[in-house]
Each structure stands twice: as C-alpha cells, then as structure tokens.
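Worksheet: one structure, shown below.
The values are calculated or read from the model by the stated rules, or taken from the named source; none is laboratory data. Because the structure is predicted, anything quoted here is derived from the model rather than measured. All Cβ positions, even for glycine, are placed from backbone atoms using ideal geometry, and neighbour counts span all protein chains on display. For the accessible areas, the whole protein counts, side chains as well, though only heavy atoms, and no ligand, DNA or RNA atoms are used. Shrake-Rupley method; radii C 1.70, N 1.55, O 1.52, S 1.80 Å.
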Amino acid sequence: MTTPGIRSSVIRRAQALRRKRHPDREIEKALKYAESHGWRVESTGPRAHAWGRMYCPDNDADCRCGEFCVTSIWGTPRTAATHARQIRRVVDGCTARGPGQEPDQKVG
C-alpha cells in the first residue's frame, strides 16, 4: 500500500519524462521547479502558438479568481530569463500552495 503523496510524486515524475524538453535551459529549469510543486506541464503540438501550458494542481476558484491556474509557456520569448522568472512567480504566488510547502500539502 502506498500513500497518496508518494503515488502522486511518482506520477508527476512520469509526466515530466513524457513531455518534450523546452529548448531554453533557464525555462526548462523553471518548468522543473513548477513540476516539483505539483504543477502539470504539457507541451502543445507543432501548430500551436505557445510551446506549452502549465496547469495548477488545485485549480481552485478562490485561488486568485482562477486567473493564474493556466499559464502559457512560450517557445521563443524575447528574454528567456524574464520568462523563467515569470513562471516561478506564478508558482510561488499560488494561494493554494506556497513556495515553502510540500507538493501534496495544501494551505488551510
């Protein structure tokens, strides 16, 4: 028997292995940071405008009105370092999961 926290972390690692790698090293690090906090990262197909999307694990309506529960990841941003900081800021600003919390722990 496994605990839910262990099971979900194994699932997140498997999802991270399945998605394609972002071409920019800084943005890839930021995406791994997001995945370590429970966010789901999906790369879109070749015809999509954005490289991919990042989804909040809670998708709570009270979490900043649901505005930041889905974030686009750009393939060729003007400044990669700025885009990587924006990704981390979205993850750290999540009201359901703060930056210092375990991925399966909810504030409340």
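Within segment 21-54, track down each residue that is at pLDDT 90 or above, assigned to a strand (DSSP E or B) and either touching a Leu at 6+ places or on another chain (Cβ under 9 Å) or of a type in the set (Ser, Thr, Tyr) (or both). Of everything in segment 21-54, those that are at pLDDT 90 or above, assigned to a strand (DSSP E or B) and either touching a Leu at 6+ places or on another chain (Cβ under 9 Å) or of a type in the set (Ser, Thr, Tyr) (or both) turn out to be VAL41, GLY52, MET54. Looking only at segment 70-85, residues that are open to solvent by 80 Å² or more (accessible area, probe 1.4 Å) and outside any loop (DSSP other than H, G, I, E, B) come to 1 in all.
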